[in-house]
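Novice: This structure is in C-alpha cells; I'll ask about it shortly.
Rule-based calculations on the coordinates, nothing more; no lab input. As the structure is a computational prediction, the values presented were derived from the model and not from experiment.
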Amino acid sequence: MIILDILGYALLSIGAFFFFMGGLGMLRMPDVFNRLQAGTKATTLGSFSVILGVGLINPQWLLKTVIIVAFIAITNPVGSSAIARTALKKGITPITYEESHKEADGLPEGGGGRVNVFSFIIGVVMVGLAIFAIEAKKLLTSVIMLSAMGLLSVILFVIMKAPDVAITEASVGAGPYHGHIPPLP
C-alpha cells in the first residue's frame, strides 16, 4: 500500500504542476485559440493525474476514477473543438506572429501577460481554497471550497478578457473539480 500511496501522491503533484502550467498559459496567451490550447491540454493531463492519483491512494475508488478519466478523455476534446469552431464562426481569427510582436504596449490586445493586484489576490485566495479543500475532512466542505475556486477562476477569465473560457468554466468546468475528487484521508 505504501507504494500505491507514493505513486498516488506523485500523480497528485504532477497534476498540480499541469494545472499550474495551464493557468499560466491562460494568463500569458494572447487570444482565444492559444488560451484554449493551453487550458485544455494542461487541465486534461492535470485531471488525469489528479484523478488517477486519488484512485491509487484509495484503491476502492480506482475503477470509478478510471471511468472518470475515460469520460474526460472523450468530452474535453469535443468541448474545446466546439469552442474553437464557435470562435471561428463568430469571425475571431488567431493572432499571427507579426500581430503578437507589435510595439504598441509590447502586448497584443486581450492583455496576454499583465497581472494586476486584484488578479494576484484572487490567485492567492484560490491557492488557499485549494489547500483548505484538500485538508477538509468532509466532502461537502471540499465541494464548497472547490466551487468557490471555480467561481474565482471565472472572474479571472473575465478579467483576462477571455469570456469564452469563463463561460466554459462556469458551465462545464465543474466536471473534474467539483464532487469527483474526494478529500484525502
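Novice: Find how much the distance from ALA16 to VAL117 grows on full extension, using 0.36 nm per residue of separation minus their present alpha carbon separation; answer in nm with one decimal.
Specialist: Once the chain is fully extended between ALA16 and VAL117, it gains 34.0 nm.
Novice: To continue, here is another question. Restricting attention to the alpha-carbon atoms of the range 1-91, what are Rg (one decimal) and Dmax (integer), both in Å?
Specialist: Cα only, the range 1-91: 15.3, 54 Å (Rg, Dmax).
Novice: With contacts defined as alpha carbon pairs under 8 Å and 6 or more residues apart, what's the relative contact order of the range 1-72 in percent? Can you show the working numbers first?
Specialist: Numbers: 85 pairs, mean separation 26.2, N = 72.
Relative contact order comes out at 36 percent.
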